[in-house]
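Let me begin by presenting the structure, written as structure tokens, before commenting on it.
The values are calculated or read from the model by the stated rules, or taken from the named source; none is laboratory data. Values in this document were obtained by computation on a predicted structure and should not be read as measured data. Every residue, glycine among them, receives a Cβ derived from its backbone with ideal geometry; neighbour counts consider all protein chains shown.
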Amino acid sequence: MILELIMGGSSASFGETLAVIIITLVIALLSITFREYVKDRVAVKLGGNAAPSLNPAKHLNISDLFSVALTVLFSASWIKAKNPGLSRERTVAAALSAPIANLALAFVSVFIYSILDRINVAITTQTENQSVVIIWIAMIFQTCVLVNIAYAVFDFIPIPGTNGGLIIAQLLPEKAAEKFLYFDKFSFVVLLFLVIVFARSGVTATVVNAVATAMQTPFVALFNLIFPIG
């Protein structure tokens, strides 16, 4: 789907589809590793006992691997939140750092994608041929944008099991927070249901694409101003 979008709606071959799946898997794994590293670093800075690591094997569990599979299948997924065990205010800060890390990755990626897209437009205008290499590299960064926005969007859903839910729990009275977090054990089923329903109904694509467009629009306007085509 992503490759077809970049290539103007052309039908992707089996090899291209397989390549997109592998690229999405790698990007999803690296995105999880980066966001968990950032969250652990923040937790340590705030006095927690986390162990920051950029080794993917130290962050991934069955739930994370399943979320990666859902990312490839439905272009939407989640990463189950881990309670950093800090005070309420510091827990909120640590919880926010995870989706913010995803949005930061998306922001950098959309900037690079915008540059590559402008280069490809310039090449096409001058030579009437597209650069396959640039298209594929642009596809990698566009995939990074969509994956990280999807992770951030679902992470902000205020239910047990997400960082959004963890933040809500810190705003509740202690007993209410305990009851709220009790349902964390059922979050896997709830989140799976939401991922499938939102993805199948088009809600996920609408929200993710809207956020991606909002991020990219300022860069496109700037590039059009500085490097007009035609």
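For every residue, the table says whether it meets (1) among the hydrophobic types (A, V, I, L, M, F, W, C); (2) modelled with pLDDT of 90 or more; (3) assigned to a helix (DSSP H, G or I).
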| residue | (1), (2), (3) |
| --- | --- |
| 151 | no, yes, yes |
| 181 | yes, no, yes |
| 191 | yes, no, yes |
| 196 | yes, no, yes |
| 199 | yes, no, yes |
| 210 | yes, yes, yes |
Problem - So residue 9, is it assigned to a loop (DSSP other than H, G, I, E, B) and either under 14 Å from residue 143 (Cα atoms) or modelled with pLDDT under 75 (or both) - result: yes
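Just checking, which of 124, 91, 143 is surrounded by fewer than 22 Cβ atoms within 10 Å (Cβ to Cβ) and either farther than 30 Å from residue 182 by Cα or under 18 Å from the mean Cα position of the chain (by Cα) (or both)? Before you say what the answer is, go through the steps one by one.
On the way: 91 fails: either farther than 30 Å from residue 182 by Cα or under 18 Å from the mean Cα position of the chain (by Cα) (or both); 143 fails: surrounded by fewer than 22 Cβ atoms within 10 Å (Cβ to Cβ).
Being surrounded by fewer than 22 Cβ atoms within 10 Å (Cβ to Cβ) and either farther than 30 Å from residue 182 by Cα or under 18 Å from the mean Cα position of the chain (by Cα) (or both) holds for just one of 124, 91, 143, which is 124.
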Exercise for the section: Report whether or not residue 68 is within 22 Å of residue 199 (Cα to Cα) and crowded, with 19+ Cβ neighbours inside 10 Å. Expected result: yes
Handout entry: Residue identified as of a type in the set (A, V, I, L, M, F, W, C), more than 21 Å from residue 40 (Cα to Cα), at pLDDT 90 or above and in contact with a Ser or Thr (Cβ under 9 Å, 6 or more places away or on another chain) among 140, 123
Key = 140
Handout entry: Single condition residue 186 does not satisfy, out of (1) closer than 27 Å to residue 30 by Cα; (2) in contact (Cβ under 8 Å) with a residue 40 or more places away in the chain; (3) of a type outside the set (Asp, Glu)
Key = (2)
Problem - Test result for residue 138, crowded, with 20+ Cβ neighbours inside 10 Å, closer than 18 Å to residue 20 by Cα and in contact (Cβ under 8 Å) with a residue 60 or more places away in the chain - result: yes
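Going by the conditions given, is residue 53 modelled with pLDDT under 80, farther than 26 Å from residue 178 by Cβ, in a loop (DSSP other than H, G, I, E, B) and of a type in the set (S, T, N, Q)?
No: the conditions fail for residue 53.
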